[in-house]
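The values are calculated or read from the model by the stated rules, or taken from the named source; none is laboratory data. Fair warning: this is a prediction, and the values are worked out from it, not measured in the lab. Cβ placement follows ideal geometry from the backbone for every residue including glycine, while neighbour counts extend to all protein chains displayed. Note: areas computed on protein heavy atoms with side chains; ligands, DNA, RNA excluded. Shrake-Rupley method; radii C 1.70, N 1.55, O 1.52, S 1.80 Å.
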Amino acid sequence: MIKALIRVRFRALFAALFQQSRRKRRQSKGMAVLFAILFIYVAFVFFGLFTIMFQQLVEPYHALGLDWLYFATAGLTGLAFSILGSVFATQSQLYDAKDNDLLLSMPIRPRLILFSRMVPLLALNLLFSAMSMVPAGVIYGANVGFAPGGFVAYLLSTLALPFLAQAITCLLGWLLHQLLQRMNKSLASALYLLVFMAVYFYVYTQASQLLNAMASNGEAMANALRSWAWPLYAMGQGCTGGLPFLAGFLAVTAAAFGLVYWFLSVTFMHSAFLRRSVKKGRKVDFGRLETRSAVQALHRREMKRFLGCPAYLTNLGFGLVMIAAVAVAGLIFRRQILDFLNLIPELNALAPLLVAACLGFMISCTCISTPSVSLEGKTIWILQSMPLTPRQILLSKLWLHCVLVVPLSALSGLVLALAYGFSPVDTVLSALCPAALGFLCGVLGLVCGLQWVRLDWLSEAYPCKQSVALMVTMFGLMGLLLIAGLLYGFVLYSLVSATVFLAGVTLVLLLLSAILYRAAMTWGVKTWQAL
């Protein structure tokens with residue numbers, strides 16, 4: 001039984017990557033190869049980053065006699081990477097799986113169901129921790145060499161670290177599940193992504209300073225780990241030949257994993273069926289009910305879907321944050337950017353184009369209207385059976401994109417134009433051009449969403465992350481920006497000013513938007529009726 005459950009979980013994991021519809025067909029070999037290349041590229045990037053990191057740490061730590069701290073740092077990095085990368089996956093795999101009700105209705109012990117769900121998560125944590133531990137071991141072996149029995153201890157520690165990470169992520173996943181039942185799951189996912197990206201960009205920008213601090217303050221780090229993270233201290237000592245410390249690390253890891261597994265197995269039934277609490281006996285005051293027009297009801301429905309779907313809000317709402325972040329960063333680093341522009345007078349004259357290009361790239365990643373049709377899924381017949389015209393339905397989807405993207409894009413462009421002292425004409429164009437691009441993104445996304453609609457997805461993440469419509473919209477807009485930049489840089493730079501070119505680009509964007517809007521309201525209406 002346990003083998004069958006584990007096999008089902010791994011099949012579900014691979015299906016999420018290679019089978020995106022409810023039909024039995026799989027993705028083409030080309031798409032499978034493309035995803036494989038993407039995964040290999042990402043793994044190669046992280047391996048490279050950690051290799052550079054440990055290459056800078058191995059010699060200073062060895063010279064100070066802190067070889068154990070080197071391995072403890074590798075373990076801490078792998079542990080943090082595993083927790084950040086799998087805590088949401090742990091919560092969704094354990095408690096939000098769609099077959100929980102089915103399996104719990106069968107004569108299967110809940111602890112076996114729980115264990116079958118934890119095995120793929122252990123494999124995921126092993127992958128995350130290996131991205132840190134493998135480069136650390138290779139660098140240490142090449143530069144210093146392992147002590148007798150140290151390599152075996154290093155391998156055991158690498159295999160045991162995912163169990164410690166899984167114990168922590170399972171506990172955090174349980175707490176997260178309790179929290180998500182009492183708050184907006186989409187908002188929580190978006191906040192988690194913002195925190196993760198903020199930490200990532202901070203570490204990325206401060207990488208050299210952090211590495212120098214770690215290399216020069218080895219004793220301080222050693223004391224902190226010895227006092228507050230004894231398991232990592234024991235793991236480091238074990239990898240340098242301290243077998244008693246290795247036994248202690250393995251014992252602590254096994255005890256932590258066993259206790260967390262026991263706690264989750266006891267609470268699994270209650271947590272799996274936990275629902276948001278509702279007030280019993282609450283009376284409905286019909287006198288306070290509000291009536292809305294069909295258009296207002298559609299607008300409210302689209303907004304609730306955007307805010308209530310974690311994949312939708314997290315993947316496409318993040319672009320809204322980045323549009324605002326461009327303006328905020330431009331204000332914060334205004335003095336440094338002005339000093340840089342003043343060094344190159346040619347760039348100073350191109351500042352309006354640079355602002356439009358930066359905002360345009362962020363806008364192209366905010367294709368909110370693109371997955372809106374596919375997200376209707378198998379319930380699309382509900383809308384089609386209502387006394388609503390296809391035009392009203394499609395306009396409501398375009399409205400959601402425009403009300404979120406267009407004003408924010410215009411405001412960010414206006415703020416940057418005023419902050420950098422653009423001329424009145426450049427100021428107007430700096431606000432109008434991003435707004436026009438935002439509207440073009442909306443209508444292009446709606447047309448692409450109708451052309452490549454997929455209503456038979458397995459997960460809402462597919463239309464929001466991996467659909468053909470999303471790729472065409474996003475890369476189509478990026479390609480348009482690239483063509484405009486190359487056209488001005490190699491052909492029109494000496495013929496027209498940046499202001500004239502930006503005005504021309506704005507007119508082209510408005511013209512393309514009008515054409516696509518007409519297509520959406522004619523061809524799109526017929527396509528909607530045929531779905």
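Tabulated values for the structure
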{"read-out": "Selection within the range 480-531 - part of a loop (DSSP other than H, G, I, E, B) and open to solvent by less than 90 Å² (accessible area, probe 1.4 Å)", "value": "V496, S497, L531"}
{"read-out": "Residues of the range 405-425 classified as part of a helix (DSSP H, G or I) and open to solvent by 20 Å² or more (accessible area, probe 1.4 Å), total", "value": "10"}
{"read-out": "Residues of the range 347-379 satisfying the condition of being polar (S, T, N, Q) and within 22 Å of L307 (Cβ to Cβ)", "value": "T366, S369, T370, S372, S374, T379"}
{"read-out": "Count - residues of the range 316-340 that are aromatic (F, W, Y), part of a helix (DSSP H, G or I) and loosely packed, with under 14 Cβ neighbours inside 10 Å", "value": "1"}
{"read-out": "Identity of the residue in the range 293-315, within 22 Å of Q466 (Cβ to Cβ) and among the polar types (S, T, N, Q), that ends up least open to solvent (accessible area, probe 1.4 Å)", "value": "T314"}
{"read-out": "One residue from L477, L455 being at negative phi and open to solvent by less than 10 Å² (accessible area, probe 1.4 Å)", "value": "L477"}
{"read-out": "Pairs with Cβ under 6 Å, 6+ apart, first in the range 246-275 and assigned to a helix (DSSP H, G or I), second at pLDDT 70 or above and open to solvent by 60 Å² or more (accessible area, probe 1.4 Å)", "value": "T253/F163; F257/F163; V260/L171; S265/R111"}
{"read-out": "Residue under evaluation L395, criteria (1) of a type outside the set (V, I, T); (2) surrounded by fewer than 21 Cβ atoms within 10 Å (Cβ to Cβ); (3) assigned to a helix (DSSP H, G or I); (4) in contact with a strand residue (DSSP E or B) (Cβ under 8 Å, 6 or more places away or on another chain), criterion not met", "value": "(4)"}
{"read-out": "Residue that is at pLDDT below 90, among the hydrophobic types (A, V, I, L, M, F, W, C) and more than 30 Å from T389 (Cα to Cα), where the choices are V453, V491", "value": "V491"}
